[in-house]
Amino acid sequence: QVRLVESGGGLVQAGGSLRLSCAASGIIRSINDMGWYRQAAGKQRELVAAITFGGTTNYADSVKGRFTISRDSAKNTVYLQMNSLKPEDTAVYYCNAEIRTYLGSRHLDYWGQGTQVTVSS
């Protein structure tokens, strides 16, 4: 089965940095868009950043200039470099990928389990 495995979350002080990673594993034919979403307590899940297979990126206004999304096609992995973190960035961050397996005819959305990012001060 296809899985998205996340790592890199944790506790950091305001102004600090974290780097999240998410690796897709399983029988994968291709991956289209990949992205990061976040959900703060009591809030709706929102898109943070997305990246296409060709490397085109899109960011939420609240993180532009601070976060950078990238991907490594050889590893089926997407990263989120988070700099100048603010308490408002505190949330559970979820990895998302549009994946087609060799058994399927369409790309389907897959989600990671989520990783907690907490920014203090």
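The values are calculated or read from the model by the stated rules, or taken from the named source; none is laboratory data. Every value quoted in this text rests on a predicted model; they were computed, and no experiment measured them. A quick note on method: Cβ atoms are made from the backbone with ideal geometry, for glycine too, and the neighbour counts reach across all protein chains shown. Each accessible area value is taken on the protein alone, full model and side chains, heavy atoms only, with ligands, DNA and RNA left out. Shrake-Rupley method; radii C 1.70, N 1.55, O 1.52, S 1.80 Å.
Data overview
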item	result
Segment 96-121 - residue that is open to solvent by 60 Å² or more (accessible area, probe 1.4 Å) and more than 30 Å from residue 12 (Cβ to Cβ) and, of those, modelled with the lowest pLDDT	103
Residue tally, condition crowded, with 20+ Cβ neighbours inside 10 Å and out of contact with any Lys or Arg (no Cβ under 9 Å at 6 or more places or on another chain), over segment 77-95	1
Residues of segment 54-76 that turn out to be open to solvent by 40 Å² or more (accessible area, probe 1.4 Å) and touching an Asp or Glu at 6+ places or on another chain (Cβ under 8 Å), as a count	1
Qualifying residue in segment 35-47 (condition: modelled with pLDDT of 95 or more, in contact with a Gly (Cβ under 6 Å, 6 or more places away or on another chain) and open to solvent by less than 40 Å² (accessible area, probe 1.4 Å))	no
